[in-house]
Every structure is written in C-alpha cells, then in structure tokens.
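Asks: Could you have a look at this structure, given as structure tokens, before my questions?
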Amino acid sequence: MKKGWVSLISGLILGLIISFFTLDYNGWKVQRIGEKGEVINTINELDFDLITNCFFIVLISILVIYILLTVLEKIRKT
C-alpha cells in the first residue's frame, strides 16, 4: 500500500519535471483583429499532443518507480 502511494506521488512529480524540461510547448495563438488593424482579443489554446505526451511521461515514470521499488523489496527479502 505504501509502495503504491510513494510511486504515485514521486512518479507524478518526476514526470511533470521531465515533461516541463523536455517537451516544447508551441501552442496556437488566435487573435481577433478589428477593422482598423487593432487586436481585439487573444485566445491561447493548449496543444492536445502536449497534454497526451505529458500524461504518458507521468504514467511511465510512475510504472518505472513502482517496478524499481518492487525489485528493491524482493532483493531486501532474500
């Protein structure tokens, strides 16, 4: 039980850090321009690929930490 929580929290933190430094965010910026050429408003959109890649990095880091903790636990018992 404790191993699951440790791997979940540390994998989430590690995965977000890895995602922040390795994934390049180039989101779309949509601007509404008025008749005289002035910008009325700007809308920033998130990239779907960025979100899914971040999710997969977090998931993989959680699994790797869980597997490492399981292996270390088996080594300590023998």
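The values are calculated or read from the model by the stated rules, or taken from the named source; none is laboratory data. Computed from a predicted model, the values in this text were never measured in an experiment. No Cβ is skipped: glycine too gets one built from the backbone with ideal geometry, and neighbour counts run over all protein chains shown. For the accessible areas, the whole protein counts, side chains as well, though only heavy atoms, and no ligand, DNA or RNA atoms are used. Shrake-Rupley method; radii C 1.70, N 1.55, O 1.52, S 1.80 Å.
Asks: Looking only at residues in the stretch 32-48 that are open to solvent by less than 80 Å² (accessible area, probe 1.4 Å) and of a type in the set (D, E, K, R), which one is nearest to Ile67 (Cα to Cα)?
Replies: In this case the residue turns out to be Asp47.
Asks: A further question follows. So which of Val6, Val64 is surrounded by 10 or more Cβ atoms within 10 Å (Cβ to Cβ), of a type in the set (A, V, I, L, M) and in contact (Cβ under 8 Å) with a residue 60 or more places away in the chain?
Replies: Just a single option satisfies the conditions, and that option is Val6.
Asks: Which condition number does Thr42 fail, the rest of (1) modelled with pLDDT under 95; (2) among the hydroxyl-bearing types (Ser, Thr, Tyr); (3) out of contact with any strand residue (DSSP E or B) (no Cβ under 7 Å at 6 or more places or on another chain) being met?
Replies: (3)
Asks: Under the condition of being surrounded by 12 or more Cβ atoms within 10 Å (Cβ to Cβ) and among the β-branched types (Val, Ile, Thr), which residue from the stretch 52-61 is farthest from Lys2 (Cα to Cα)?
Replies: Taking the candidates together, the pick is Ile57.
Asks: If a residue must be among the polar types (S, T, N, Q) and at pLDDT below 80, how many such residues does the stretch 2-30 contain?
Replies: Qualifying residue count, the stretch 2-30: 1.
Asks: Oh, and also: What number of residues within the stretch 18-31 satisfy the criterion of being of a type outside the set (S, T, N, Q), farther than 23 Å from Thr70 by Cβ and part of a helix (DSSP H, G or I)?
Replies: 2
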